[in-house]
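Data first, discussion second: the structure below is written as structure tokens.
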Amino acid sequence: MAIRRDDFPLPDVDDPLTAPYFAGAARGELMITRCEACDTYVWYPDEQCPHCRGELTWAPVSGDATLFSWAVVRRGFLPAFAEQVPFVTALVAIDEDPAVRLATYLVEADPETLEADEPVRVTFRSLAFPTVPNKSVIVPMFEPHP
């Protein structure tokens, strides 16, 4: 199914499953769902815990993580990304539960010196695209943290 939102590729901050994530980012907090019954962090948000079917609530986490994987994007595959290349996309594992891995941008990083398991920390940045004029979204991104 094609995405038909006028503000694509900005994230849909009104989606009921992820709205608290983006609201937290706007406040400068990294929020992850956690099960009330089994205390497990759950990412990607869902209606209920995939482990015990318990209720999920949003909880702030430290924002400290480790770099799990990354890719340097050197070619803008959509017009929206043409002015942003090169940039680094990454999977980071949060310190509270390394099984929780967030897809993100890695900023303030030299792609040639990145290493697996490198410590990273959340930073909140404005995400904007030239194809979506006059709109932006504050999102969690990560940067190396010695």
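The values are calculated or read from the model by the stated rules, or taken from the named source; none is laboratory data. Computed from a predicted structure; not experimentally measured. Here the Cβ is made from the backbone with ideal geometry for all residues, glycine too, and neighbour counts use every protein chain on show. These accessible areas exclude ligands, DNA and RNA; they are computed on the full protein's heavy atoms, side chains included. Shrake-Rupley method; radii C 1.70, N 1.55, O 1.52, S 1.80 Å.
The condition of being part of a helix (DSSP H, G or I) and open to solvent by less than 50 Å² (accessible area, probe 1.4 Å) holds for only one of ALA90, ALA80, that being ALA80. If you filter region 102-121 down to residues that are in contact with a Ser or Thr (Cβ under 8 Å, 6 or more places away or on another chain) and part of a strand (DSSP E or B), you find that the one that is farthest from TYR44 (Cα to Cα) is PRO119.
A search for C-beta distances below 7 Å between a residue of region 61-76 that is on the phi < 0 side of the Ramachandran plot and any residue that is polar (S, T, N, Q) and surrounded by fewer than 16 Cβ atoms within 10 Å (Cβ to Cβ), counting only pairs 6+ apart in sequence or on different chains, returns TRP70/THR89; ALA71/THR89; VAL73/THR89; GLY76/GLN84.
Name every residue in region 129-146 that is in a loop (DSSP other than H, G, I, E, B) and open to solvent by 50 Å² or more (accessible area, probe 1.4 Å), in order of residue number. Full working, then the answer.
Filtering region 129-146 for residues in a loop (DSSP other than H, G, I, E, B) gives 129-136, 145-146.
Within region 129-146, PRO130, THR131, PRO133, ASN134, LYS135, SER136, HIS145, PRO146 meet the criteria.
Within region 37-53, the residues that satisfy the criterion of being free of Cβ contacts under 8 Å to residues at least 40 places away in the same chain and either among the charged types (D, E, K, R) or surrounded by fewer than 17 Cβ atoms within 10 Å (Cβ to Cβ) (or both) are ALA37, CYS38, ASP39, TYR44, ASP46, GLU47, GLN48, PRO50, HIS51, CYS52, ARG53.
Here TRP70 passes the criteria (1) open to solvent by 50 Å² or more (accessible area, probe 1.4 Å); (2) of a type in the set (Phe, Trp, Tyr); (3) assigned to a helix (DSSP H, G or I) except the one numbered (3). Flag: GLU108 does not match the condition of being of a type in the set (D, E, K, R), surrounded by 14 or more Cβ atoms within 10 Å (Cβ to Cβ) and either more than 15 Å from the chain's Cα centre (by Cα) or more than 27 Å from LEU17 (Cα to Cα) (or both). Of the listed requirements (1) among the acidic types (Asp, Glu); (2) open to solvent by 50 Å² or more (accessible area, probe 1.4 Å); (3) at pLDDT 95 or above, ASP64 misses just one: (2).
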